[in-house]
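The values are calculated or read from the model by the stated rules, or taken from the named source; none is laboratory data. Because the structure is predicted, anything quoted here is derived from the model rather than measured. No Cβ is skipped: glycine too gets one built from the backbone with ideal geometry, and neighbour counts run over all protein chains shown. Ligands, DNA and RNA are excluded from the accessible area calculation, which covers all protein heavy atoms including side chains. Shrake-Rupley method; radii C 1.70, N 1.55, O 1.52, S 1.80 Å.
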Amino acid sequence: MKPIPELKNAQAVDLEDIPVFNIEQFKQQILSHVQANCRVSVLFGIPGPNVRLYCILADDAQHLLLPFATDVGQEYPSLTPECPQVHLFEREIWEQCNVTPIGHPWLKPVRFPRKAGNTSKTKPMIGITNYFQVQGEEVHEVGVGPVHAGVIEPGHFRFQCHGENVYHLEISLGYQHRGIEKKLIGGPYPRTLLQMEAVAGDTSIGHGLAYCQILETLANLEVSARSHTIRAIALELERLANHTGDLGALAGDVAFLPTSAACGALRGDYLNISAVLCGSRLGRGLIKPGGVYFDLDAQRIQEMRKRLDKAFAGTKRTSEILFDAPSVLSRFENTGRLAASTAVEIGLVGSAARACGLKRDIRQDHPIGWFIGQNIPIALCESGDVLARARMRWLEIRNSVALIQTQLNQLPEGNITAPKITHLAGNKLVASLSEGWRGEICHVAITNSEGTFAHYKIVDPSFHNWFGLALALRGQAIFDFPLCNKSFNLSYCGFDL
Amino acid sequence: MFNIIKARWFQGKVTSAYPAKDPVLSDRYRGLPVLDTSKCPPDCRICQNICPNQAISFLTHVPTATEPPSSALSKGKKKKKSKEKRAAEVHPKVEIPGVLKPHIDLGKCLFCNECQNACPCGCIHYTQNFRVAARKPQDLVVTDGTSFSLAESLEKGRKKLFHRSLKLRVVSAGDCNACNVEVNVLNTLFFDLPRFGIQIVASPRHADGVLITGPVSENMREALLKTYDAVPGPKVVIAVGSCAITGGPFRDHPEIHNGAMDMLPIDLYVPGCPPHPMSILDGMLRLLGRL
């Protein structure tokens, strides 16, 4: 049997070098590696008469990605009972490839994919599934969504309650499904990059980077150090804007208006720094395969630095009063607590994982571009409650501002453009990771012999983390749901694709 | 307490002076494109070929609004037309003889700058003008020589009702959260939407209209139509972002509806991917006859 290839972030491997195990070996590989502190970054199937499952494990300590595969027929024994972090991946495989993981405790549709104009009443109808129900005296069910009370994306939530106490929350999504992955087959197309920036519109840079890293590997493009630095600046700006917005939203949910009001405006200030860089507040149109579209001159660097200092001073003031207020702390503390062991089991990523004390950060574990060889300060909290997730936001804001200051000071000379891509390497698999503001973004491309995408898989951090929110709400009061939800602030469209 | 007052003191007043004074936008901001087709060499199609979203055409491509369906929910009962046929009705292609010139359909344009970069003659220029909202889809087509016609106010009856107070219910129907967050920031201190009497409300029953973002995924179609039907009439519909107008970067994906145009009677189109919050605000104020 071929050994499992050991890949760096965004390193290509020949398809024939990926070992294809039988299902029992496949399962053992996953279980033993997960036992040894690896994570399942992605597990997906390629639809067809013979379904092949690919698994890519992330070995964070060794900075490696481990791909391997197996062939399955109509069914296979589910891995979820022994490895809960794959539960959603297996449901996805069931939905997309028509392969049944036997023994899956929670086999329900993930996205209810349905074509427009399909008037038949056959399943799947969005939101109609066999919801988990708690029975008993005075136990009742609360259904919320898909259209929520605020300016927020659609999703359906079912709470099993006893009085105000939530026994269980079930989250059913799919309302934002746009069929992105399916349409990428045969690509890359001219508008693929624009679609990638809109996988999750608040994470344009994160997803754009993951995609461009794949193309650069397959086309063997050299990205200049200057481009890498500008990309890293944009990635941190995205983090700053969203984290600041989250602090404001959390403050708003506990009616602490000074911070809620100030963070709304401050978030805009960070977005406008992105606009100084590339014209778009959300970083649209900055990243391109091989480099970036916009350069920085001394005057622009000066302008960005000035704005950054001003925004950070404001954020610092407003965060201090937030974490000083007893009324805020009493609501944040011990609310929506997630134990570190649970976080490990369900494969939590990003700042939500770091709030539970798990040191998981792609910028450090699988560095690429500017982050290679850098000592990135990773903020950690231990308690895993809303307070920890809120504090993580503030700690990461502080770190990101320091990073951007360094990057602006040390912008290397060089070109920002690269030659146009004419051909992609065929019969390869590339897994590319980036640390978006929510956590690990994973893109996987498999090319056919002509060098076009035979398969493309996108995993937004929300895919790992939604279940974390469901578990965090157990035993909480239902009125704390908005607070817990904001403390995770997960993407609906990034999940629905 | 003292620290809270101090923090507020330091924050000061941040609300924009708009509409009295225009905001200063980034010099790299890509607003309304201007075409100078007098410089176009004959038979040059570089911009058309480079546009990743086929927003540029050399046909005189004049979309006309279809009659809105009497009740949005009754749509299912009617004889089903194919998606292509419906699209052809919304965008009938009319070819005018003579020299063909580029037209940019802002409903499809994602403001990505590719055409401006590619044009060897400097015919296309994205300006700093954020006033891009329009009342009719054909007004979104930027053509040679003609100036962009700004959105006009509602007709007399609805204008009288909503001129000083408009409550909106926002429905995100397959959007990527970019338009959503740009609508959301209108409520922050800088834009301060409530000062214009425009408010985003939680229930469609409290609303005077719906604001739609996203290409209308099949999975959100029913929820969108139900929300629309729950709004008491007379009502307004605002489509924000190129997705809600034409499907944006996801146009023609089988899982989406290419926007809400053939589903609901849209009163205001705000193009962009996503539009600048100022574009949305400016469009709304023009719709209400406040500018």
Binned at 10 Å starting from 0, the alpha-carbon pair-distance distribution of region A:12-102 in whole percents comes out as 17, 54, 27, 2
Percent carbon-and-sulfur accessible area, region A:12-102, ignoring ligands, DNA and RNA, probe 1.4 Å: 46
Residues whose placed amide H lies under 5 Å from that of B:ILE256, excluding near-sequence neighbours: A:ALA116, B:GLU218
Karplus ³J(HN,Hα) for region A:353-361 (6.51 cos²θ - 1.76 cosθ + 1.60, θ = phi - 60°; Hz, whole; x = Gly/Pro) runs 6, 5, 5, 9, x, 8, 7, 10, 7
Accessible surface of region A:194-317 [probe 1.4 Å, protein heavy atoms]: carbon and sulfur percent: 51
Each residue of region B:152-158 in order: what ³J(HN,Hα) in whole Hz does its phi give by Karplus 6.51 cos²θ - 1.76 cosθ + 1.60, θ = phi - 60°, with x for Gly and Pro? 8, 7, 4, 5, 3, x, 5
Using a simple spin-label model with points 7 Å from Cα along the Cα→Cβ vector, what separation in nm is obtained for B:GLU152 and A:THR406? 5.9
Go through region B:162-176 and flag every residue whose accessible area shrinks by 30 Å² or more with all protein chains in place compared to the isolated chain (probe 1.4 Å). B:ARG169, B:SER172, B:GLY174, B:CYS176
Give the average, rounded to an integer, of partner chain Cβ atoms located within 10 angstrom of each Cβ in A:276-287. 6
Once the dipole of the protein assembly as shown is set up from charges on Cβ (+1 Lys and Arg, -1 Asp and Glu), the residue from the list A:ALA418, A:VAL72, A:VAL349 lying farthest towards its positive end is A:ALA418
Rounded to the nearest 20 Debye, what is the dipole magnitude of chain A about its Cα centre when Lys and Arg each give +1 and Asp and Glu each give -1 at the C-beta? 1060
Counting only protein heavy atoms and rolling a 1.4 Å probe, how much accessible area do B and A lose on contact, total for both sides, in Å² to 100? 4900
Name the residues of region B:217-236 whose accessible area, probed at 1.4 Å, falls by at least 40 Å² once all protein chains are in place instead of their chain on its own? B:GLU218, B:ASN219, B:MET220
For region A:311-356 the residues that are at least 40 Å² less accessible with all protein chains than alone, 1.4 Å probe, are A:ARG317, A:ILE321
For region A:257-328, build the charge dipole from Cβ charges (+1 Lys, Arg; -1 Asp, Glu) around the Cα centre, then report which of A:ILE287, A:THR315, A:PRO258 sits farthest towards its positive end. A:ILE287
Check A:VAL42: other-chain or 5+ apart residues with amide H under 5 Å from its amide H, H built from backbone geometry? A:ILE56
Cα gyration tensor shape for the protein assembly as shown, rounded if a/c is under 1.5, else prolate or oblate: rounded
Can you compute 3J(HN,Hα) from phi for each residue in region B:125-133, using the Karplus curve 6.51 cos²θ - 1.76 cosθ + 1.60 with θ = phi - 60°, rounded to whole Hz and x for Gly and Pro? 9, 7, 8, 7, 6, 8, 7, 10, 6
For A:VAL51, enumerate residues with amide H under 5 Å from its amide H, sequence gap 5+ or separate chain, H modeled in the peptide plane. A:VAL72
Would you tell me the mean number of C-beta atoms belonging to other protein chains that fall within 10 Å of each C-beta in A:168-178, as a whole number? 5
In Å², what does the accessible area per residue of the protein assembly as shown work out to with a 1.4 Å probe? 38
Per DSSP, the loop-located GluC sites (Glu not before Pro) within region A:132-203 having at most 14 other beta carbons within 10 Å are A:GLU137, A:GLU138, A:GLU164
